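Below: one structure, written as structure tokens.
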Amino acid sequence: MKLLFNKPLLYCLLLLQLPAALMAQQVQVKPDFPNMRRYDQQGINVFEDPKDTAAVFDGLKLKFGAGFTQQFQNLKHKNPDALNNDAGSFSNGESKAGNKLKVITAGFQTAQANLYMDVQLADGIRLNVTTYLSSKHHNEAWVKGGFIQFDRLPFKGQVWDNIMKVTTIKVGHFEVNYGDEHFRRSDGGHTLYNPFMEGYIMDAYATEIGGEIYVKKNGLFGMIGVTNGMIKGNVDSLYAAANPDGKLHKSPSLLLKAGFDKMVTSNVRMRLSASYYGNQSSGSNTLYGGDRSGSNYQYVMELNSANPSSSTGAGTPLAFSGRLNPGFTKKINAFMFNGFVKTRGLELFGTYETASGRNARETAARNANQYAVDVIYRFFKAENLFVGVRYNNVHAQLANNAAGTGAGPVNYTGKVNVDRLALGAGWFLTRNVLLKGEYVIQQYKHFPVADYRAGGRFDGYVIEASVGF
């Protein structure tokens, strides 16, 4: 959702209106809310929002939170196997498109900032609105989404109380709960939860309009959700020119999730979950391309012709650098299985994901598979110092008409491979302030020579300072 104000005007309006609104409503500003994941270090390894049935409502409350991040990047990249790697000219003087990568140097990335507003509206009823104030994908401020969460219902009767003791309902435009990795990834300016710089290579993350219902009891949980299957509202018809497959209807997305999360001994916590996301005819699905804030690897493995300078504004090379989107925009069925074990300072987090789908120009589904393993060790009683390693691998079949870049359609039906090894370390100066660094190696294998990523590789380090409260 795009804000139609420029930033200075928006900030001025907020500053002018907020004091009056607070006095008129006699709102209490509180640091912590029940049934809500915290934005500081205490939110690490929290997945779905906690369920607090003993909380007492004593009036309308307002909480503002924020996430601020600044990175310094020193990454190098190359693509030695790409066709026409060096751009030049044909014999008639016409310029070649080439597959030359953008020239990148060490430097600071664009700073990012998130603003969170949470309001306790009534007993067990909370409103959230999240805004990207500064991000890499968009220059202007954007609303990520907003939702109302019900941990109690405003109906009298023991039957409603009994139901809501184990049930949570979320309705609005929100980050869909597919898999567990999205609880650990960096999101715009809020990067405290992530022990590394980036999420996964195949980044499953989307904000959609709909609702989710959760049931939790004795460590077991289940969820069912239905959304519109697109990143924003859409009332347009799917006209034939953009949908040559002839499927001109829009289908909702179905989400399912189940698992358990328990302290199996006094020192061992274990969580296992299985998730499903499916849409059989979307207008434009963005499960693997829904990030509107931006990758934390800037301009890496991107064409030189794409956004040749920062003065051209934000765009795709800033949003998705280092990621691989299989392009399942028309039809998608995806499954993710996650395991998490924590014993004292040692944490293990694993993912296996398999997805199939196609775009509107294709007639047959393609497949993509991903797995990843994180090993983290957190030191001291406050766990304020940590080191970690992540390995992430993706095998995916590219769309036939998307395998080549700058060389027209290429009929390539083989599977490409992308793998990443990341070594990270971090230090929480306070529970709100984190300094962390990462050394990363990422390789692109089995890409056709017409693709600019053929034989690609990038490596180097990124240092990041982050604040969350």
Inset, instruction - Give the residue, chosen from 399, 368, that is among the hydrophobic types (A, V, I, L, M, F, W, C) and either assigned to a loop (DSSP other than H, G, I, E, B) or over 20 Å from the mean Cα position of the chain (by Cα) (or both). - result: 399
Inset, instruction - Would you mind listing the strands (runs of 3 or more DSSP E) fully within the stretch 198-308 where at least 2 residues are charged (D, E, K, R)? - result: 207-217, 253-263, 268-279
Legend entry - Count of the stretch 447-469 residues which are more than 27 Å from residue 71 (Cα to Cα) and of a type in the set (D, E, K, R): 1
Legend entry - Of all residues in the stretch 188-244 being of a type in the set (D, E, K, R) and surrounded by fewer than 23 Cβ atoms within 10 Å (Cβ to Cβ), the one that is farthest from residue 136 (Cα to Cα): 217
Inset, instruction - Among the numbered conditions (1) farther than 18 Å from residue 329 by Cβ; (2) buried (at least 20 other Cβ atoms within 10 Å of the Cβ), tell me where residue 176 comes up short. - result: (1)
Inset, instruction - Being without any contact (Cβ under 8 Å) to a residue 24 or more places away in the chain, assigned to a loop (DSSP other than H, G, I, E, B) and among the basic types (Lys, Arg) narrows it down to one of 136, 156, so name that one. - result: 156
Legend entry - Filter result for the condition that a residue is surrounded by fewer than 18 Cβ atoms within 10 Å (Cβ to Cβ) and of a type outside the set (Val, Ile, Thr), over 255, 272: 272
Legend entry - Hits in the stretch 326-350 - residues which are out of contact with any Ser or Thr (no Cβ under 8 Å at 6 or more places or on another chain), part of a strand (DSSP E or B) and crowded, with 22+ Cβ neighbours inside 10 Å: 340, 349
Legend entry - Restricting the stretch 435-459 to residues that are of a type in the set (Lys, Arg) and closer than 16 Å to residue 393 by Cβ, the residue that is modelled with the lowest pLDDT: 453
Inset, instruction - Would you check if there is a residue in the stretch 170-179 being of a type in the set (Val, Ile, Thr) and either outside any strand (DSSP E or B) or at pLDDT 95 or above (or both)? - result: yes
Legend entry - Odd one out for residue 247, checked against (1) touching a strand residue (DSSP E or B) at 6+ places or on another chain (Cβ under 7 Å); (2) surrounded by 15 or more Cβ atoms within 10 Å (Cβ to Cβ): (1)
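The values are calculated or read from the model by the stated rules, or taken from the named source; none is laboratory data. Owing to the predicted nature of the structure, the values given are computational and were not obtained by experimental measurement. All Cβ positions, even for glycine, are placed from backbone atoms using ideal geometry, and neighbour counts span all protein chains on display.
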